[in-house]
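Heads up: the structure comes next, in structure tokens.
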């Protein structure tokens, strides 16, 4: 079709979606083939197809953008199929217009796509690679040209489905209620044609297709992502009167021992000791392309626990722009020593900033009080002269607490049991 799609509908290139819909309704109603006599019917059918095609392209913003940029050629390269004009008309005006119901799709239909999961390493996604994959599919038989027989007269239209390849089955659910379902015709296995058994093609045994094994080269470009699709258009199963579907490879990134990926950024976890945390870090890291990165912190820089530092432009390459890369982010896990010798403590105190002193209250002698009848009622310490008691921090004794050997542990257990008792029924109801 050479005519501009906007001109077919009679709208401008800046027309809104509402304007396009209104123009389609008007044009489709005007040129519907059932409204015209025999001498103009052929012309009306062609006009009707052009109108439907123009509307389907321009009513979808994606296909409209492709058409605006590249024209009809861009739409053909995109590989998308278009709907039957009568189906499109029925969506707008209903199936009963001009005495006809919803029509079955005409012309060849596109077959199903075949999807394969393809596992790839992070190195392959970083550097790019090519994999050769063997796939099994069907192809039209070359001996009988997809007819099922070398004798043309032995091939007939299936009488059970009248050549449609499918039949409508009606099932009664209960008295007064029925349902209808479109199923594949069992007589011709959905092919719409039957072959005289005496004249079946020997190569395909009358099945019209043969099994074919081929090798596809899957090009994985730098920076491709997990779950990204690589599509081979028209390489799926081939059947007579059916446009082959696509073979789709879905990339599945395998876990990596060192790196984690987040978009174009790479994450690495690095354990360092306290000395490295205070005096600086210097280590080597083998990258995904085999290079060894010599990573150093700035002089005097102190690394805090769980701190994240960045090496710019050393992350994953950007898909289709491989010279632009994300960041390499390193998260530091500082390991502290279990204890420090006493002589080292003094050295550290002389080097590091002074630690804050604990300000303890000054102990003073309490003034003597005269004995009174209220002495037994007031045994508390004077708030101005609290008692100071020295205590030492040790590792908590979890086992003793769990066995209830201390009063504190028993209190925790009783509190936990009481907590579960009050909330248990609510949680159970939520899971029913």
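The values are calculated or read from the model by the stated rules, or taken from the named source; none is laboratory data. These numbers were taken from a predicted model, which means no experiment stands behind them. Using ideal geometry, Cβ is built from the backbone for each residue, glycine included, and neighbour counts are taken over all protein chains shown.
Some points to look at:
- Restricting region 201-217 to residues that are touching a strand residue (DSSP E or B) at 6+ places or on another chain (Cβ under 6 Å) and closer than 10 Å to residue 144 by Cα, the residue that is modelled with the lowest pLDDT: 206
- Any hit, region 2-11, residues being more than 38 Å from the chain's Cα centre (by Cα) and at pLDDT below 80: yes
- Test: residue 301 is over 30 Å from residue 146 (Cα atoms) and in the same structural domain as residue 118 (by TED's automatic domain parsing): no
- Residue within region 348-361 that is modelled with pLDDT under 60, over 30 Å from residue 304 (Cβ atoms) and surrounded by fewer than 10 Cβ atoms within 10 Å (Cβ to Cβ) present: no
- Scoring residue 44 on the criteria (1) closer than 20 Å to residue 4 by Cβ; (2) modelled with pLDDT under 85 leaves a single failure, condition (1).
- Any chance residue 275 is more than 24 Å from residue 125 (Cα to Cα) and either part of a helix (DSSP H, G or I) or not assigned by TED's automatic domain parsing to the domain that holds residue 224 (or both): yes
- Residue check for residue 225: over 28 Å from residue 109 (Cα atoms), in a loop (DSSP other than H, G, I, E, B) and modelled with pLDDT of 95 or more: yes
- Scanning region 144-161 for residues that are part of a strand (DSSP E or B) and under 14 Å from residue 197 (Cβ atoms) yields 149, 155, 156.
- On inspection, residue 334 qualifies as touching a helix residue (DSSP H, G or I) at 6+ places or on another chain (Cβ under 6 Å), over 30 Å from residue 227 (Cβ atoms) and either at pLDDT 95 or above or surrounded by 10 or more Cβ atoms within 10 Å (Cβ to Cβ) (or both).
- For region 292-304, the set of residues classified as part of a loop (DSSP other than H, G, I, E, B) and surrounded by 10 or more Cβ atoms within 10 Å (Cβ to Cβ) consists of 297, 301, 302, 303, listed by residue number.
- Scanning region 259-282 for residues that are free of Cβ contacts under 8 Å to residues at least 60 places away in the same chain and in contact with a strand residue (DSSP E or B) (Cβ under 6 Å, 6 or more places away or on another chain) yields a count of 4.
- Against the test of being outside the structural domain of residue 318 (by TED's automatic domain parsing), modelled with pLDDT under 95, farther than 30 Å from residue 320 by Cβ and in a loop (DSSP other than H, G, I, E, B), the options 198, 164 yield a single qualifying residue, 164.
- When residue 237 is tested against the conditions (1) in a loop (DSSP other than H, G, I, E, B); (2) loosely packed, with under 12 Cβ neighbours inside 10 Å, the lone failure is (2).
- Scanning region 201-224 for residues that are under 30 Å from residue 326 (Cα atoms) and surrounded by fewer than 16 Cβ atoms within 10 Å (Cβ to Cβ) gives 217, 219, 221.
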